[in-house]
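Take a look at the structure below.
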Amino acid sequence: MMPKIYFDNNATTPLAPEVAAAMAISLKENFGNPSSGHALGEEARRAVEEGRERVAALLHCASERLVFTGGGSEANCQAILSAVLARPRAHKIVTSAVEHPSVQQPLNFLEKHHGYQIQRLPVDAAGRLDSARLRAALSEDTALVSLMAANNETGVLWDLAELGAICRERGVLFHCDAVQLAGKEELRAEEWPVDYLSLAAHKLHGPKGCGALYLARTAPVTPLIMGAGQEGGRRAGTENVAGIVGFGLACELAAAHLAGGGREKLAVLGRKLEAGIRDCCPGALINGGEAPRLANTINVSFEYCSSAQMIQDLDDRGFAVSAHAACHGGDLDPSPVLAAMAVPESYRHGTLRISLSRLNSEAEVAAFLAVLPEVVRRSRQVFV
Ligand SMILES: Cc1ncc(COP(=O)(O)O)c(C=O)c1O
């Protein structure tokens, strides 16, 4: 049976119907190359710039501060590359132990092949980062700090204003992977002490393969994709016009959702789900439960259970959830994020990440809670 109830919104979100409609029109009508001099080119160029204005409005920044990319991973890679190339004599990068692979892997590459020293700050059992550790880690030799705004697995939020201020004080470039924050919390790119901020359209009911990198006015930038002069010479390649149209509209819808109290509504639903899980599955461990978190994310571990078994069982019953980052795919190893939080081994293997969106309802949460105890019981029987 195909899942009917979708609770895996941190992996990706369904395209908003309005976005799908706008993209379908754009695919047909804005087929001109935005760099062409004729009217069709002009029309496509206008669609791209309108998309940029709309994304900028969600971030509260000037539109020229945004570079469109092929998604969040590309934005992360470009921020990292731009910073290290601008600070050729600095060979240290500070990050955390719980970053998304699209930050971890480029840093691992720089460590392995270019002699960079990567300091991965630990988190506590609730997934919190101690700002004193960041302060202590910075030195003259630090090229970049890269820390995420909201964790994709646990939803744990870090205080960007505080972390960024420490970087500013020390004159260190600060990149923030805000892929999971956008559309769920207020974004104030120009007010925050950040140099780079990464976004992905598909996490906020926009299309896949489309993202953006916000660059502060003083942030050095190098194109990751080199070629012609699109995006002001900051990212080559003919623009993904329909994707940008969809991204722009998705941002506008997300802003309207937040302005209309959507965050609080989602938080009510999230709290119902979390309370329901605690109620129907005593002993369940809510990972990051003690920390400030995204309203939509519940990461829960059940002792002596198997994530794979529970996900399959839930899928058969019509619910789509995951264990950890989607990019780990079929990899059933327990999450490195939970390992960094020292979640006990006996729980780590039995983890579910349940991530909601504005399209979910109370009835769906109730339906999930009605089947969960049986799913956990069956998994425990198999596991033990
Ligand atoms: C925190 C975070 N950063 C980056 C990415 C990568 O974004 P994309 O899939 O658009 O490359 C993801 C996607 O899962 C994410 O959750």
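The values are calculated or read from the model by the stated rules, or taken from the named source; none is laboratory data. Since the model is a prediction, treat every value here as computed from it, not as a measurement. In this analysis, Cβ positions are derived from the backbone assuming ideal geometry, glycine residues included, and neighbour counts consider all displayed protein chains.
Things to note:
- Residue in the range 28-43 that is part of a helix (DSSP H, G or I) and in contact (Cβ under 8 Å) with a residue 40 or more places away in the chain present: no
- Any hit, the range 127-135, residues being away from the ligand (no atom under 16 Å from the Cβ) and closer than 18 Å to ILE298 by Cα: yes
- Subset of the range 283-306 (residues that are outside any strand (DSSP E or B) and closer than 16 Å to ASP8 by Cα): LEU294, ALA295, ASN296
- Within the range 255-267, considering residues that are aliphatic (A, V, I, L, M) and surrounded by 12 or more Cβ atoms within 10 Å (Cβ to Cβ), the one farthest from ALA201 (Cα to Cα): ALA267
- Criterion: modelled with pLDDT of 95 or more and surrounded by fewer than 19 Cβ atoms within 10 Å (Cβ to Cβ) - qualifying residue of ALA20, ALA16: ALA20
- None of GLU140, GLU169 is over 30 Å from ALA259 (Cβ atoms) and touching a residue at least 24 places away in the same chain (Cβ under 8 Å) except GLU140.
- Within the range 87-103, residues that are on the phi < 0 side of the Ramachandran plot sit with their Cβ atoms under 6 Å from residues that are surrounded by fewer than 19 Cβ atoms within 10 Å (Cβ to Cβ) and at pLDDT below 95, at 6+ positions apart or across chains, in these pairs: PRO101/CYS327.
- Residue within the range 322-343 that is over 23 Å from the mean Cα position of the chain (by Cα) and at pLDDT 95 or above present: no
- Figure legend. Inter-residue proximity from the range 179-202: first residues at negative phi, second residues among the β-branched types (Val, Ile, Thr) and near the ligand (Cβ under 9 Å from one of its atoms), beta-carbon distance below 7 Å, spacing 6+ or different chains. Indicated pairs: SER198/VAL179; LEU199/VAL179; ALA200/VAL179; HIS202/THR12.
- Scanning the range 154-167 for any residue that is touching a strand residue (DSSP E or B) at 6+ places or on another chain (Cβ under 8 Å), under 24 Å from ASN240 (Cβ atoms) and not assigned by TED's automatic domain parsing to the domain that holds TYR347 turns up nothing.
- Considered as a group, the residues in the range 148-172 that are in a strand (DSSP E or B) and in contact with a Pro (Cβ under 8 Å, 6 or more places away or on another chain) include one that is surrounded by the most Cβ atoms within 10 Å (Cβ to Cβ), and that residue is VAL156.
- ALA323 vs. criteria small (Gly, Ala, Ser), free of Cβ contacts under 8 Å to residues at least 40 places away in the same chain and surrounded by fewer than 16 Cβ atoms within 10 Å (Cβ to Cβ): no
- Criterion (farther than 19 Å from ASN76 by Cα and in the same structural domain as ARG89 (by TED's automatic domain parsing)) met by exactly one of GLU186, GLU190: GLU186
- Condition broken by ALA216, with the remaining ones in (1) under 25 Å from GLY246 (Cα atoms); (2) without any contact (Cβ under 8 Å) to a residue 40 or more places away in the chain satisfied: (2)
- Residue that is in a helix (DSSP H, G or I) and surrounded by 15 or more Cβ atoms within 10 Å (Cβ to Cβ), where the choices are VAL103, VAL98, VAL94: VAL103
- From the options ASN10, ASN76, residue that is assigned by TED's automatic domain parsing to the domain that holds LEU356 and either within 16 Å of the ligand (Cβ to nearest atom) or in a helix (DSSP H, G or I) (or both): ASN10
- Per-region count, the range 146-172, residues among the aliphatic types (A, V, I, L, M) and within 16 Å of the ligand (Cβ to nearest atom): 8
Yes or no, residue by residue, for (1) assigned by TED's automatic domain parsing to the domain that holds GLU252; (2) of a type in the set (Gly, Ala, Ser); (3) within 17 Å of ALA219 (Cβ to Cβ); (4) more than 14 Å from the ligand (Cβ to nearest atom):
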position: ALA56; (1), (2), (3), (4): yes, yes, yes, yes
position: CYS61; (1), (2), (3), (4): yes, no, yes, yes
position: ALA83; (1), (2), (3), (4): yes, yes, yes, yes
position: ASN108; (1), (2), (3), (4): yes, no, no, yes
position: GLN117; (1), (2), (3), (4): yes, no, no, yes
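- Looking at GLU169, GLU252, just one residue is of a type outside the set (Gly, Ala, Ser) and under 30 Å from VAL321 (Cβ atoms), and that residue is GLU252.
The rows are residues; the columns are (1) among the β-branched types (Val, Ile, Thr); (2) in contact with a Cys (Cβ under 8 Å, 6 or more places away or on another chain).
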{"position": "LYS112", "(1), (2)": "no, no"}
{"position": "PRO122", "(1), (2)": "no, no"}
{"position": "ALA132", "(1), (2)": "no, no"}
{"position": "ALA136", "(1), (2)": "no, no"}
{"position": "THR142", "(1), (2)": "yes, no"}
{"position": "MET148", "(1), (2)": "no, yes"}
{"position": "ARG168", "(1), (2)": "no, no"}
